Amino acid sequence: MDPALNLLVVGELCVDLIVLLDGDVRFGQHEQLVTSTTLTMGSSSAITACGAARLGVPTALVAVRGDDVFGRFLGEELSRRGVVEAGRVDATTPTGSSTHLSRPDGDRAILTAMGSIGAVTAADVTDEMLDGSAHLHVGSYFLQESLWADAAALFARARARGLSTSLDGNFDPAEQWDRGILAVLAEVDVFFGNEQEVAGITGIADPDAAIGHLLGIMPDGATVVFKRGADGASAVTRAGSLSARPPASAIVDTVGAGDSLAAGYLAARLRGDAPDRQLAYAVACGTASTRAAGGTAAQADAALAAELAATIAVTAP
């Protein structure tokens, strides 16, 4: 295992139950037929870890799951997908779960039972884990309740040991957009966020101004990867920005697309690709993941990601 390619992901584990609807949910004791339901690997952190492993990056995940049916399913899925499970099993806590009600237009509602989702702590990440890795990534920051107090110190510890770092905030269910994230960003090399997330964190409605504010907090040379959904993504640094639109593709489900995009970006970055190819590879991986229900079923392998990335033009405004 080449230590220059090791990715250590810290975050949450949960199952996703994907319900594809033809329209809206009806209450009032109605039985309603839906297109399909799928039980699959959930959580931003785990989907990113699985995506990176699928691309050939040796990857470990530090998370907490329960000793129950959902937890055992997740343990088997991580093993099957080539991710080293480096976290712990807590028999006193149910495994977290999210039910996604997805409509044909790509919109969805997410109903999450936290369970073990916010249980990982900085103490779960040992120096030995960091020393065996080249990069630390934390996903779904606003769900990581037990990590908030020590998150900045964890990132600083990783950087002091020579790791590069990244953070994906994802949505804050409480919409408070704080939890110490600005202090953490001072130790983050790559931040992944969409328009709603960067606006919430900074309190600045204009995306360009919000991204500029984040870069002013982050270390020299940092990048904000701005996820634009169906419009692709941008990679913004203090020196400038790059943008890439996804290739045409039939979309089945967008759950986890941003997490697969993050996996692609980190894989290309660890490989030493040029910045434009990092972004193209990321958008390729995000696009591929939308071709099946759930976040992991259609994740790209290295060959497919390279094939799709070759069709993506990256532009500098």
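Read-outs throughout are calculated quantities, based only on the coordinates presented, and are distinct from any laboratory measurement. Note that the structure is predicted; figures quoted are calculated from it, not measured. For neighbour counting, all protein chains shown are included, and Cβ atoms are generated from backbone atoms with ideal geometry for every residue, glycine included.
Just for the chain, what percent of DSSP beta bridges are antiparallel, to the closest 5? Don't skip to the end; give the middle numbers.
On the way: 24 of 57 bridges.
Roughly 40 percent of the beta bridges in the chain run antiparallel, per DSSP.
What residue among 118, 66, 23 shows peak mean-square fluctuation when the chain is described by a Gaussian network model with Cα springs under 10 Å?
23
Between 45, 146, 260, find the one with the highest GNM mean-square fluctuation for the chain; connect C-alpha pairs within less than 10 Å.
It is 146.
Between 181, 47, 18, find the one with the highest GNM mean-square fluctuation for the chain; connect C-alpha pairs within less than 10 Å.
Judging by the Gaussian network model, the answer is 181.
Which distance in nm do the two modelled labels at residue 34 and residue 307 give, with both placed 7 Å along the Cα-to-Cβ direction?
About 3.1 nm separates the two model spin labels.
Just how large is the dipole of segment 128-220 about the Cα centre, in debye to the nearest 20, putting +1 at every Lys and Arg Cβ and -1 at every Asp and Glu Cβ? Provide the component values of the computation, followed by the final result.
Working: 4 positive and 15 negative charges, 63 e Å.
Dipole size: approximately 300 debye.
Near residue 217, within a Cβ-to-Cβ distance under 14 Å, what is the net charge of the other residues, with Lys and Arg +1 and Asp and Glu -1?
Values: positive: 238; negative: 178, 187, 189, 220.
Net local charge, residue 217 excluded: -3.
Just round it to a whole percent: the fraction of Cα-Cα distances in segment 1-148 exceeding 21 Å. Show your work: numbers first, answer last.
Numbers: 5048 of 10878 pairs.
Summing the P(r) tail past 21 Å for segment 1-148 gives 46 percent.
Which listed residue (34, 60, 73) has the Cα farthest towards the positive end of the charge dipole for segment 23-74, taking +1 on Lys and Arg C-beta and -1 on Asp and Glu C-beta about the Cα centre?
Checking the options against the dipole of segment 23-74, the answer is 60.
Using only the alpha-carbon atoms of segment 81-224, report the extent along each of the three principal axes, biggest first, to the nearest angstrom.
41, 40, 28
Taking amide hydrogens as modeled 1.01 Å from N in the peptide plane, which residues meet the under 5 Å criterion relative to residue 134, leaving out close sequence neighbours?
Those lying under 5 Å, H to H, from residue 134 are 6, 7, 8.
Using the alpha carbon gyration tensor of the chain, what are the three equivalent-ellipsoid semi-axes (square root of 5 times each eigenvalue), largest first, in whole Å?
Details: eigenvalues 142, 113, 79 Å².
Semi-axes, largest first: 27, 24, 20 Å.
Out of 162, 106, 122, whose Cα points farthest toward the positive end of the dipole of the chain (charges: +1 Lys, Arg; -1 Asp, Glu; placed on Cβ)?
Toward the positive end, the furthest listed residue is 162.
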